[in-house]
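Readers should treat all values here as calculations from the given coordinates under stated rules, not as data from a laboratory. Computed from a predicted model, the values in this text were never measured in an experiment. Neighbour counts run over all protein chains shown; Cβ positions are idealised from the backbone, glycine included.
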Amino acid sequence: MNVALLIILATIVFSAAVGISAGRKVKMNLENWTVGGRRFGVVLIWLLMAGEIYTTFTFLGASGWAYSRGAPTFYILIYGTLAYTASFFILPAVWKAGKRFGLHTQPDFFIQRYESRSLGVMVAVIGVVSIIPYLQLQLTGLGFIVEVSSNGAIRSNVAILLAFVLTCAFVFTSGIRGAAWVSVIKDVLMIAAVAIVGIGVPRLLFGSHGRMFRALAETHPGHLVFPGATPNLDVLWVMTTALLTGLGFYMWPHVFGSAFSAKSAETIKKNAVIMPFYQIPILLVFMVGFTALQVMPGLKNGDLAFLELVHKTYPSWFMGFVGAAGAVTAMVPASVLVLFASTLLAKNVYQTGFSPRAREETVLRLSRIMVLVIMGFALLFAFYLPNALVNLLLIGYDGVTQFFPGVVLGLFWRGVRRSGVFWGLTTGFVLAAGLVFSKHDPFLGMNAGFVALVVNAAVTVAVSRFSGAKVEDNGQMA
């Protein structure tokens, strides 16, 4: 375990050092800190966006769903493919608007398109509320992975505290450049770990993937057909959830904002073409969950499937490698999450809502301070109230997807009005929260967030059509 411990600690420290050095020779202003000067090429934007997307869920949640729920897990493969397809058409237009108007964040888009500071503040607040529990989840997941991988040699809270300090350091100094550079390390480690385990474990224990699936069909015949082991997650739920998450994939403020860092619209299109390759590691993680179900049935926590199977099958030093990969897999999305959450508060809540004349230097300084504040709150929740944000996390994806009508209609339909977007967004977010918190998700077999999105879109179009107010907006931004 000393070797495993050394691997984990060395990887975390080295990754942070790389992130800090990323901004060493760059004159840091808001443009460079938030969107990297809009200079990222295909490879770096690919790694950055994958770094934001493939989080601790890759190691824990995906294999846990395959272990515990079966067939409904395949919605993950479906929605990713839908999201990449949608991004080919939507994100280049977003990038062009960002370049033309000097946008840095998602609320900037709404402010520019609809000429409404209040709408921008509203989008920023919803974004931060959605991001904070997601950030806390990354810290909690990191601590869990490192503690299990080191066989308890590194306690969860110690790992979280170390990652907190180092992540703050490279975000504070290098901004999004730091996250992009560390994502290179993260992707190499993650893909290697997932490939070795996802390809190796079924072959070691069953001889081949085909034999593993045949054995699974014999021992758990209902696991690979809908609704799997979860009666209320049938085909209709999978279809609506895939649509919801596919459309909302790039509506997360940190993912949306990262599109501005590309050097051209063509870079965004190329990224959309190659991103589906990242579905392959997810499929391999499923293989691990299915294998674990047969060799380790009865786990109380299905999210342990990946780590427990590695512990059972591989030497202890390899557990250290997996722990290191899992730690960096949490640090990269955590860094981008906190960067954009802090920018939303400084630029789109403080400057837009309270001090429109604040200088860029002031906004950048406040953004850096907010990095420490937001990470501090996430740290406290991870330590003392790990389950306190669960309800907010449940509404996170449903909430950010409600931005979709305002973004897409704002890009491609001149007739959309700020009143329509405001009432559509308000109705969709309130309806989604009401259904989730009242435990009506699924609703009539459908994902509650999808139901809210449909209502949101209908309200947006209807109010825009019948609104008497003439808004001097910027028209189509595409």
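Would you kindly calculate the mean projected area, averaged across all directions, of the convex hull enclosing the Cα atoms of segment 304-394, in square nanometres?
Across all orientations, segment 304-394 yields a mean hull projection of 8.1 nm².
Please tell me the relative contact order of segment 2-387 in percent, rounded to the nearest whole number, where contacts are Cα pairs under 8 Å and at least six residues apart.
So the answer I get is 40 percent.
Which number do you get for Rg(Cα) / (2.2 N^0.38 Å) in segment 2-387?
Expressed relative to 2.2 N^0.38 Å, the Cα Rg reads 0.98.
Counting only other residues whose beta carbon sits under 15 Å from that of Ser367, what net charge do I get with K and R as +1, D and E as -1?
+1
Cα convex hull of segment 375-435: how many Å³ per residue?
Once divided by residue count, the hull of segment 375-435 is 95 Å³.
Between segment 312-358 and segment 12-47, what's the alpha-carbon centroid distance in Å?
Going from one Cα centre to the other spans 14 Å.
Compute the acute angle (0 to 90°) between the alpha-carbon long axis of helix 117-149 and the principal axis of greatest extent of the alpha-carbon atoms of the chain; round to the nearest 10°.
10 degrees
Which value, in debye to the nearest 20, describes the size of the charge dipole of the chain about its Cα centre when Lys and Arg Cβ atoms bear +1, Asp and Glu Cβ atoms bear -1, and nothing else is charged?
1140 debye
Relative to the longest principal axis of the C-alpha atoms of the chain, give the angle of the C-alpha long axis of helix 265-274, reported between 0 and 90° and rounded to the nearest 10°.
20 degrees
Below 13 angstrom from the Cβ of Gly257, what's the summed charge of the other residues (Lys, Arg +1; Asp, Glu -1)?
-1
Could you give the angle, 0 to 90 degrees to the nearest 10, between helix 448-466's Cα long axis and the longest principal axis of the Cα atoms of the chain?
With rounding to tens, the tilt is 10 degrees.
Can you divide the C-alpha Rg of segment 151-267 by 2.2 N^0.38 Å and report the result to two decimal places?
It is 1.54.
Under 24 Å Cα to Cα from Lys300, which lysines show up? Leave out anything in the same chain fewer than 8 places away.
Lys312, Lys439
Projected onto the charge dipole of the chain (+1 at Lys/Arg Cβ, -1 at Asp/Glu Cβ, origin at the Cα centre), which of Ser150, Gly210, Ile160 gives the Cα projection farthest towards the positive end?
Highest projection toward the positive end goes to Ile160.
Among Thr73, Val454, Leu304, whose Cα projects farthest towards the positive end of the dipole of the chain, with charges put on the beta-carbon of Lys, Arg (+1) and Asp, Glu (-1)?
Val454
Any idea what the dipole of segment 314-405 comes to, in debye rounded to 20, about its Cα centre with Lys/Arg Cβ at +1 and Asp/Glu Cβ at -1?
300 debye
Please list, in order along segment 67-72, the HN-Hα scalar couplings obtained from phi with the Karplus expression 6.51 cos²θ - 1.76 cosθ + 1.60 (θ = phi - 60°), rounded to whole Hz, x for Gly and Pro.
5, 8, 10, x, 3, x
Report the net charge of residues surrounding Thr240, where surrounding means a beta-carbon distance below 15 angstrom and charges are Lys +1, Arg +1, Asp -1, Glu -1.
-3
Along the charge dipole of the chain, which of Val421, Ile395, Val328 sits closest to the positive end, that is, farthest toward it, with unit charges on the beta carbon of Lys, Arg, Asp and Glu (+1, +1, -1, -1)?
The one lying farthest along the dipole's positive direction is Val421.
Give me the distance between the Cα centres of segment 389-433 and segment 295-310, rounded to whole Å.
Rounded to whole Å, the Cα centres lie 37 Å apart.
Show me, for segment 305-319, the HN-Hα J-couplings you get by feeding each phi into the Karplus relation (A = 6.51, B = -1.76, C = 1.60, θ = phi - 60°), rounded to Hz, glycine and proline as x.
4, 4, 5, 5, 5, 5, 4, 6, 9, 10, x, 5, 5, 5, 4
Can you give the calculated 222 nm mean residue ellipticity of the chain, where each DSSP H run of n ≥ 4 adds -39,500 (n - 2.57) and the sum is split over every residue, rounded to the nearest 500 deg cm²/dmol?
-24000 deg cm²/dmol
Whole-Hz Karplus ³J(HN,Hα) for segment 178-189, in order, using 6.51 cos²θ - 1.76 cosθ + 1.60 and θ = phi - 60°, x for Gly and Pro?
With the stated coefficients, segment 178-189 comes to x, 4, 5, 5, 5, 4, 5, 5, 4, 5, 4, 5 Hz.
Given labels modelled 7 Å from the Cα in the Cβ direction, how far is it in nm from Lys300 to Val13?
Here the answer is 3.5 nm between the modelled labels.
Under a point spin-label approximation (7 Å from Cα along Cα-to-Cβ), what is the Ile369-Phe101 distance to one decimal in nm?
In this crude spin-label approximation the distance works out to 2.8 nm.
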